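Structure, as structure tokens:
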Amino acid sequence: MGEPSRCAASAEEKRHEPEDADLRARLGLIAHTIMVLSGKGGVGKSTVATHLALALARQGHRTGLLDIDIHGPSVPKILGLEGRQMQVSDAGMLPVSLDERLKVLSIGFLLGPDQDAAVIWRGPMKHKVIREFLTQVVWGPLDYLVVDSPPGTGDEPLSIAQLIPEADGAVIVTTPQEVALADVRKCIRFCQAVRLPILGVVENMSGFACPRCGERLAPFGEGGGERMAQEMSVPFLGRLPMDPSLMAACDAGTPIDAGPDAGATGQALGRVIEGILREIGSRAAAAAGGSCPASERS
């Protein structure tokens, strides 16, 4: 076999324009698309994607959250939407609305009462379903679509990169230890191979304050994500601490607030989200001026 990155590049030398008229029409109603990726599972990618979408909606943006983790959807659980079902209208399938500003779609809404059912599909079936999520679901006009992709560089990330060639870019989530960073480097190479811009890296589970003595501890290390981002010449968006209350909130389906008026973890989330929006803004300004952002590498 050839080198993996060469295989990806030969199969997808440049992300093609969508050929489907329905797909073009749906994507034409979406102003910005942010893909949340990770090279490794268990790093908190769905937590970041969900809180990013929630924060955008709470800022008044019309927001969609698309969960394309076919085999392990987490978004319904984090948002307290387990058991909800999609509805069908004359125009197509309707995403589940958390409120008037946030629409959500996940394979979890199609599993029926057995949420533990295994989805056993090969790549072509997953690609077909992800395309249907974009073409047959009535998202309506959106300011932002946040896509929560499963870990790795396989079928789902490649499908969404092909189907949405004009995405603003990817947010890549990691934890500080080298075993995660090794896979994240592959994720960055994947983005470069399919020409998906990289908005930046988020270092999750980056230390915590001991609740008894207040001493700062870092069981997974600290700073690895930032060093890796510098080495690979991609933006670093910030660190998120380990926080038992955040984990409990996600398990309970009650996400926390993000922003200056929230607790320490919410404030850290707010800073990360501000960094993402700055990257999108700077890239849009650079595109309008005919230049490329200095942080982007191909």
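If you take the Cα centroid of the stretch 235-288 and the Cα centroid of the stretch 174-194, the two points sit 20 Å apart. For the pair residue 257 and residue 99, the difference between a 0.36 nm per residue extended length and the Cα-Cα distance amounts to 55.4 nm. Packing order of peptides 71-83, 116-128, highest average first: 71-83, 116-128 (average count of other Cβ atoms within 10 Å over each peptide's residues). Placing pseudo-labels 7 Å out from each Cα toward the beta carbon at residue 136 and residue 195 gives an inter-label distance of 3.0 nm. Take every DSSP beta bridge whose two residues both sit in the chain; close to 20 percent of them are antiparallel. Label-to-label distance, residue 85 versus residue 119, with points set 7 angstrom from Cα along the beta-carbon direction: 1.8 nm. Only helices reaching 15 angstrom along their own axis (Cα) with mean Kyte-Doolittle hydropathy no lower than 0.0 count here, and for the DSSP H runs of the chain these are 45-58, 178-193, 264-289. Cβ crowding within 10 Å, taken as a proxy for footprinting-reagent exposure, orders 62, 195, 101 from fewest neighbours to most as 195, 101, 62. Summary value for the stretch 4-201: 38 percent relative contact order, contacts being C-alpha pairs under 8 angstrom separated by 6+ residues. The stretch between residue 110 and residue 288, if pulled fully straight at 0.36 nm per residue, gains 60.0 nm over its current Cα-Cα span. Here is the list for the stretch 146-203: GluC sites (Glu not before Pro) lying in DSSP coil, each with at most 15 other C-beta atoms within 10 angstrom of its C-beta, are 166. Overall, the stretch 4-201 carries a charge dipole of about 420 debye about its Cα centre when +1 sits on the Cβ of Lys and Arg and -1 on the Cβ of Asp and Glu, all other atoms neutral. Considering the convex hull of the alpha carbon atoms of the chain, report its projected area averaged over all viewing directions, in nm², one decimal. Mean projected area for the chain: 16.2 nm², to one decimal.
Close amide H partners of residue 37, meaning residues 5 or more places away or on another chain with modelled amide H under 5 Å apart, are 171, 172, 173. For the stretch 36-106, relative contact order (Cα pairs under 8 Å, six or more residues apart, normalised by length) works out to 32 percent.
Here, each number is a calculation from the coordinates, and none is a lab measurement. Computed from a predicted model, the values in this text were never measured in an experiment. Because the Cβ atoms are built from the backbone with ideal geometry, glycine has one as well, and the counts that use them run over all protein chains shown.
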